[in-house]
């Protein structure tokens, strides 16, 4: 019996999941998942790691199906609701899925599937029966990540990997049975699956699940006062801030008061701009906890739950996770020197599905090579970006695109930006920045050049040559045709 089911049996009648259809106990979850497992087994004793894909809206049925697949001995393959059919076809073909489970909301989307399709309502009609004994070393889940290749790779984790990912976070973030978390994330990434649903179920807590993100709905639930945790990506926090700023003063006050009652708010899956962190703190009183992870490892590094959080950093390695930084010569670097993040621990995935060479290349002496570059300052990790995308090489210098973006966001007229490298014969790469201006603002290029030369130097970033492209918005908030192009030509 794998650990999530064993723990669910301890919680019995306690509430496990709340969704738009109702409230469900851990006992309800055990019952429904046993029925799904019986339907999948169809008289067999064990699925023996057959892949079972599912396309289900976030809610109680999603959780019941995932646990049901595991209880039948299958590998769960949660599919993204937003994907076009040709992408779903690739996932189904690559996994060689034996069956696809869907709810009524997604039946039309999978009508052309060339494998058996099982409706959720039909699956839970089966009577529970004998289920196989599932041990933790068995493969449990496959999530797709594009990584650094053109085609997504199936990342395979075992029950032991998932247990390690969950227990590390439960310890670090002090999950308790009286916690209640709101899910508004998609359920085809570890952020929603492990950090939210997995940790809640492990702890005997309540997971309240929304079918999709809606800023006002989320704010109203936060203001309700019953939530204790909230986790989201930076884009969600930006949208929540925008909704708060547009709301009447009375609603803003109620929303802020409700948010202040939560014990923890977490941001992850992308770099959190310091400006967003600071604005969220002004609105709610919370300093968002930033952490670092990826599909292959779950979470590896996190700011402290109780100690001071350093803006722009992701903290220290989580319990049970070893982290090191390595240079191009495969040597561990000293503090203060950038290096590639490598991770070792029970949390690390077992393989890329059907890609033994990619799996082999992803490890060095047992350490997983993340492809991300970071630096350690005062014992705290700061992510500089993807080694092959965000680390630009200009005039012999390695420059972090994320650091340049963070600096440019401090310019009053700029609301958002993106930095990439552009090939250049003289410098190797120029640093190109696409800018979105705040409504009603214009950009004076010479003034921005002078400001950037000083500000980027303060960030220890060589200013050299930066191509600027200002993208003002129209009245509908859409980016309009670029109107300004130029070059930074500041000295080093």
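The table below lists the values:
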quantity	calculated
Meets criteria (touching a residue at least 24 places away in the same chain (Cβ under 8 Å) and under 18 Å from residue 271 (Cβ atoms)) for residue 312	yes
Tabulated pairs, the stretch 358-372, first under 15 Å from residue 327 (Cα atoms), second modelled with pLDDT of 95 or more and exposed (fewer than 15 other Cβ atoms within 10 Å of the Cβ), C-beta under 7 angstrom, 6+ apart or interchain	369/363
Among the residues listed as 230, 213, the single one being under 15 Å from the mean Cα position of the chain (by Cα) and either assigned to a strand (DSSP E or B) or over 27 Å from residue 372 (Cβ atoms) (or both)	230
Residue that is surrounded by the most Cβ atoms within 10 Å (Cβ to Cβ), among those in the stretch 264-275 that are free of Cβ contacts under 8 Å to residues at least 60 places away in the same chain and assigned to a loop (DSSP other than H, G, I, E, B)	272
Criterion violated by residue 147 - all others in (1) over 25 Å from residue 6 (Cα atoms); (2) at pLDDT 95 or above satisfied	(2)
Criterion violated by residue 37 - all others in (1) within 20 Å of residue 163 (Cβ to Cβ); (2) within 26 Å of the chain's Cα centre (by Cα); (3) part of a helix (DSSP H, G or I) satisfied	(2)
Among (1) in a loop (DSSP other than H, G, I, E, B); (2) over 15 Å from the mean Cα position of the chain (by Cα); (3) under 22 Å from residue 56 (Cβ atoms) - the single one residue 218 does not satisfy	(1)
Cβ pairs under 8 Å, 6+ apart, first in the stretch 276-297 and in contact (Cβ under 8 Å) with a residue 12 or more places away in the chain and at positive phi, second assigned to a helix (DSSP H, G or I) and buried (at least 20 other Cβ atoms within 10 Å of the Cβ)	285/259
Enumeration of residues in the stretch 134-167 that are surrounded by 15 or more Cβ atoms within 10 Å (Cβ to Cβ) and more than 20 Å from the chain's Cα centre (by Cα)	134, 136, 138, 139, 160
Hits in the stretch 364-390 (condition: closer than 25 Å to residue 352 by Cα and modelled with pLDDT under 85)	385, 386, 387, 388, 389, 390
Count of the stretch 93-109 residues which are touching a strand residue (DSSP E or B) at 6+ places or on another chain (Cβ under 8 Å), part of a helix (DSSP H, G or I) and surrounded by fewer than 19 Cβ atoms within 10 Å (Cβ to Cβ)	2
Filter pass, residue 256 being touching a helix residue (DSSP H, G or I) at 6+ places or on another chain (Cβ under 6 Å) and touching a residue at least 12 places away in the same chain (Cβ under 8 Å)	yes
Extreme residue, farthest from residue 352 (Cα to Cα), among residues of the stretch 45-77 that are in contact with a helix residue (DSSP H, G or I) (Cβ under 7 Å, 6 or more places away or on another chain) and part of a strand (DSSP E or B)	55
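Every residue, every condition in (1) over 25 Å from residue 210 (Cα atoms); (2) within 27 Å of the chain's Cα centre (by Cα), yes or no:
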| site | (1), (2) |
| --- | --- |
| 50 | yes, yes |
| 65 | no, yes |
| 88 | no, yes |
| 97 | yes, yes |
| 112 | yes, no |
| 120 | no, yes |
| 132 | yes, no |
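The values are calculated or read from the model by the stated rules, or taken from the named source; none is laboratory data. All of these numbers come straight from a predicted model, not from anything done at the bench. All Cβ positions, even for glycine, are placed from backbone atoms using ideal geometry, and neighbour counts span all protein chains on display.
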